[in-house]
Amino acid sequence: MGSRRHLPGTWLRLHGYEPLELNELRSPTSAEIDTVVADRPVHLISRTFHESAVNTIGLEQLGFDRPERRPPGVLVGRRGRRTGVLVERASFAAEAASRPVAQPELDLGRLAWHAERLFAAGVTTICDATVPIAAADAYVEAAATLGLRVAPLLVGNRIDAPGFRAGCTAKVLADGGEYCHLCLTGHQVASLGASSLRATLARDGRLARAVGRRAGFPTHVGHGRFRTGITLTGVEELRMQIEEAANIDSRLALHAIGNGVLHSVLCARQSAVAGNEVGLRIEHAMVLNNRDADSLADAGIPVVAQARIPQRLRPPAQRGPTADALAVHALRHTASSRDNPRVQQ
């Protein structure tokens with residue numbers, strides 16, 4: 001990895017791996033990364049950014065080696081030892097800390113390299129590029145000089161902090177990615193457990209067990225309901241963000257995958273002052289039944305579903321069954337237009 005060519009303490013970042021496509025069916029641990037690079041912090045970022053891994057020096061530099069500074073999402077092993085694997089907020093914090101300092105000439109060169117490959121594939125416009133608000137203008141202008149049109153989604157210094165600006169679209173993470181917020185009934189939990197057990201006993205049950213470990217065990221929340229996954233933005237915070245967007249004439253793109261957080265979005269929009277006046281859309285919406293889809297349609301909220309996600313994740317999805325009564329296509333994918341034509345794609 002060429003660590004000797006860099007100053008000690010500078011981060012080495014690599015992006016794009018898929019945990020379930022590795023031989024181990026998981027992210028690498030800090031101890032494993034240490035065997036390759038141990039003299040400088042390393043941050044390995046998964047394709048989705050929702051999960052990543054750092055080496056031991058990286059944990060120390062982030063302060064995650066100290067329990068009092070450890071945010072949610074720093075995974076630990078069976079004996080309570082840090083694995084170096086980070087999910088959601090911990091991964092986003094590491095991404096912000098390991099992000100290289102802006103170097104205009106170098107950054108423009110990288111953008112030109114990327115633009116050439118986009119043009120070769122016939123792509124001239126990038127929609128919904130997640131960009132820090134402080135760098136958005138420079139990024140859009142630099143891309144325009146190369147003939148590439150960019151429509152950014154604005155975040156703050158961290159991916160999980162929306163960036164608000166009049167006339168622009170702020171990106172809000174309402175729940176996790178692979179760790180999305182699901183709301184299940186007791187019957188669904190029982191059905192899910194039985195089908196998961198059958199999958200783990202199948203010939204390729206190793207993959208099913210890996211998917212099951214990532215999903216976690218449902219937690220009882222009362223009234224016969226269970227939940228799994230991670231909520232990043234609660235109802236009250238969502239309401240405040242909707243009102244802020246309305247006050248400055250901004251738009252919102254809400255990353256909301258699980259049916260649990262979709263209910264939160266609907267509640268927040270209903271309770272927000274001028275909530276119906278905000279340009280609001282939902283990204284993904286990968287787990288919902290037709291009743292949920294009807295609620296979104298009745299509220300007039302468009303859903304942007306990425307067709308490539310189920311194509312990439314179909315093999316692990318087939319080994320990780322989901323609860324009945326939810327329209328799930330390939331790793332908890334959304335109710336499609338075929339299931340409910342009222343949901344915009």
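The values are calculated or read from the model by the stated rules, or taken from the named source; none is laboratory data. As the structure is a prediction and not an experimental result, all values here were calculated from the model. Don't worry about glycine lacking a Cβ; one is built from the backbone with ideal geometry, like all the others, and counts go over all protein chains shown. The area values use the complete protein model at the heavy-atom level, side chains included, leaving out ligands, DNA and RNA. Shrake-Rupley method; radii C 1.70, N 1.55, O 1.52, S 1.80 Å.
Listed values, structure above:
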item: Order of exposure, largest accessible area first, which applies to His223, His187, His114 with probe 1.4 Å; result: His223, His187, His114
item: The range 144-228 - percent of accessible surface contributed by carbon and sulfur, probe 1.4 Å; result: 60 percent
item: At R0 = 22 Å, FRET efficiency that the Cβ-Cβ distance of Arg209 and Leu14 yields, to 0.05; result: 0.25
item: The range 152-262 - Rg (one decimal) and Dmax (whole number), Cα, Å; result: 17.8, 56
item: Rounded accessible area of Trp11 (nearest 10 Å², 1.4 Å probe); result: 40 Å²
item: Rounded accessible area of Phe226 (nearest 10 Å², 1.4 Å probe); result: 50 Å²
item: Computed accessible area, Arg281, all protein chains, 1.4 angstrom probe, square angstrom; result: 50 Å²
item: Sequence of Glu116, Glu178, Glu60 when ordered by accessible area, the most exposed leading, probe 1.4 angstrom; result: Glu116, Glu60, Glu178
item: Cut-off 12 Å, label 7 Å out along Cα→Cβ of Ala190, residues of the range 219-258 by amide N; result: none
